[in-house]
Amino acid sequence: MRRTANETSTQTLTRLIKALDAKHPVTITYVKADGTETLRTIEIADILITNAGDIVLRAADRDTHEMRSFRLDRIQTYTVHRTTYTVDLPAAEEPTTRTGRGLATIEVLYPVDLPITARVQLLADALAA
């Protein structure tokens, strides 16, 4: 189990991108908006950056099989598992349907053959813009 307080957000994001690429589920301790903590095992489908500058994970909850959004800054601890995804994730959505749900995002496109650190840097540059 890794504590996000003990590492930079770049380190956390790098490990979560690796989990997404390898299709490994992640168990997180997440603080909800009302301050309560919840323990969830998720399967990450996408990583977005909102107009407000928050990094958001779109992921399927293994218990409910529903797609949820999790802000990176609200994740307190996480564990990347070695198993594979079991939830059928929905097909990739078009950017026009994403913004229609009230989540304002910016698109960051990067080639998948780049090393993880280069992809994280692209996300960081987009966040700074």
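Only the coordinates and a few stated rules stand behind these numbers; no lab work does. As the structure is a computational prediction, the values presented were derived from the model and not from experiment. Positions of Cβ are backbone-derived with ideal geometry, glycine not excepted, and every protein chain shown enters the neighbour counts.
Which of the three applies to segment 1-67, rounded, prolate or oblate, going by the alpha-carbon gyration tensor with a ≥ b ≥ c and a/c under 1.5 meaning rounded?
Numbers: a/c = 1.19, a/b = 1.05, b/c = 1.13.
Rounded, because the longest to shortest axis ratio a/c is under 1.5.
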Per the 1/(1 + (r/R0)^6) rule, R0 = 22 Å and r from the Cβ atoms of SER69 and THR27, FRET efficiency to 0.05 is 0.80
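Ranked from highest to lowest mean number of other Cβ atoms within 10 Å per residue, what is the order of the peptides 1-7, 15-21? Present the calculation step by step, with values, prior to reporting the outcome.
Values: 1-7: 11.9, 15-21: 17.3.
Answer by packing, highest mean first, reads 15-21, 1-7.
Suppose the chain between ASP88 and THR117 were pulled fully straight at 0.36 nm per residue; how much longer would it get relative to their current alpha carbon spacing?
On the way: separation 29, 0.36 × 29 = 10.44 nm, distance 2.81 nm.
Net length gain for the segment: 7.6 nm.
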Quick note on HIS24, HIS81, ordering by fewest other C-beta atoms within 10 Å, gives HIS81, HIS24
Sequence order, segment 74-81: Karplus ³J(HN,Hα) from phi using 6.51 cos²θ - 1.76 cosθ + 1.60, θ = phi - 60°, Hz rounded, Gly and Pro as x, gives 9, 7, 8, 9, 8, 9, 8, 8
Rounded to one decimal in nm, the spacing of the 7 Å Cα→Cβ label points at ASP125 and HIS81 is 3.6
